[in-house]
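Quick note: the coordinates plus some simple rules give every number you see, no bench work behind them. Keep in mind it's a predicted model, so treat the numbers as computed, not measured. Cβ sites come from the backbone with ideal geometry, for glycine too, and all protein chains shown count toward neighbours.
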Amino acid sequence: MEILVLQPHGYCPGVKRALELASKALKEDSRPLTMLGGLVHNETVLKDLVEEGLRLSEDNVVDTILSAKKGDRFLFSAHGHPLAYEELCDLKEATYYDGTCPFVQENLEAGLNYEGAILYLGIEGHDEATAFLANVPHSVFYDVKSGKWNAIKLKGMNQQVGIICQTTLGNDEIAKALEEIKQYFPDATLLKGNCPPSKARQEVIAKLKDVDALIIMGSQSSANSKQLVRIGESIGIESHLCLDVNEVAKLDLKGKKKIALGSGASVPEATLQDALTYLRSL
Ligand code: SF4
């Protein structure tokens, strides 16, 4: 069986930065460190961090911060967070570390600095979309999965429309939404599309030819990993999302001659290498 390892793989720059921040915070201070939201969307990575001493909170974020004692430490995720959480931390005299990815931060700043109305394209309920909408009051949401958006509210704002996208959206999802939006707001401007690291992984898959199956290492909770599988399926390739090598071992790969193997942005390199070793042994 031939195995084509897709580049890039392993952590994207934003996830790498957030994980380094978490490790540094755990090493430099022995006071408890609690993660607010999922630092990254990968169960294997989170399990390792918990073993290093990171605490997870069972309560919602606001209750967790409000029950903090002076000097407690919190860690915000790579996906961004409502800025009001930082004020709550200050109020409780708690320390916080900000794992927000620079690309997510750029989107937030573009939204805050834009003088017109913002139409934010994203996935309903995703941390990144929730944080952006909480932080940019002059924004309206467009859910790319259902196609639902409040065009009437946007029209009522009577302003130039700027469009900002959740960083992990697919090029095709953005193009489809823009086509619809332009019918109602022909002058709308795309301010920020998907992030370059997500785009690079997606484009490699969109160009795949002559493979019998695509295996993406990643979690069901990871939007960017599911996106890669969706793109594989959209061009007619049998595509699978596997958290670890055990899930790869459950796949029926009989008769497959060539397999493409890739990973989502929050997947440790070791996870991909384990899968590669297993596939080479078949
Ligand atoms: S996928 Fe893009 S936006 Fe998300 S953490 Fe990685 S680099 Fe940042």
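Looking at the stretch 157-282, send over the antiparallel percent of its DSSP beta bridges, to the nearest 5.
In the stretch 157-282, DSSP labels about 0 percent of beta bridges as antiparallel.
Filter the cross-link list Lys24/Lys69; Lys226/Lys256; Lys16/Lys254 down to pairs whose alpha-carbon distance in this structure exceeds 30 Å.
On the way: Lys24/Lys69 22 Å; Lys226/Lys256 22 Å; Lys16/Lys254 35 Å.
Checking Cα-Cα distances, Lys16/Lys254 exceed 30 Å.
Full extension from Glu124 to Asp252: what is 0.36 nm times the residue separation minus their Cα-Cα distance, to one decimal in nm?
42.8 nm
Where Lys and Arg each count +1 and Asp and Glu each count -1, what net charge lies around Gln273 among other residues with Cβ under 12 Å from its Cβ?
Result for the neighbourhood of Gln273: -2.
With a 10 Å cut-off between alpha carbons and a GNM built on the chain, which of Gly156, Gly218, Gly262 moves the most?
The residue with the greatest mean-square fluctuation here is Gly156.
Given points 7 Å out from each Cα along the Cα-Cβ axis, report the Lys145 to Asp172 separation in nanometres with one decimal.
The modelled label-to-label distance comes out at 1.8 nm.
Could you work out the local net charge near Gly147, counting Lys and Arg as +1, Asp and Glu as -1, over the other residues with Cβ closer than 13 Å to its Cβ?
Summing Lys and Arg as +1 and Asp and Glu as -1 gives -2.
Convex hull over the alpha-carbon atoms of the chain: what's its volume per residue in Å³?
131
For the chain, set up a Gaussian network in which alpha carbons nearer than 10 Å are linked by springs, and say which option among Ser239, Ser225, Ser57 fluctuates the most.
Its mean-square fluctuation being the largest, the pick is Ser57.
Return the single residue from Leu241, Leu33, Leu83 with maximal mean-square fluctuation; model: Gaussian network over the chain, springs between Cα atoms under 10 Å.
Taking springs between Cα atoms under 10 Å, the residue moving most is Leu83.
How far apart, in nm, are the 7 Å Cα→Cβ label points at Lys24 and Leu66?
Taking the simple label geometry, Lys24 and Leu66 are separated by 3.3 nm.
Relative contact order for the chain using alpha-carbon pairs under 8 Å, separation at least 6, rounded to a whole percent? Spell out each step's value before the answer.
Values: 510 pairs, mean separation 62.5, N = 282.
Computed value for the chain: 22 percent relative contact order.
So, with +1 on the Cβ of K and R and -1 on the Cβ of D and E, and no other charges, what is the size of the charge dipole of the stretch 147-282 about its Cα centre, to the nearest 20 debye?
180
Tell me what the chain gives for mean residue ellipticity at 222 nm when only DSSP H runs of n ≥ 4 count, each as -39,500 (n - 2.57), the sum divided by the residue total, rounded to 500 deg cm²/dmol.
Rounded to the nearest 500, it is -13000 deg cm²/dmol.
Net charge within 13 Å of Ser219 by Cβ-Cβ distance, Lys/Arg positive one each and Asp/Glu negative one each, not counting Ser219 itself?
-1
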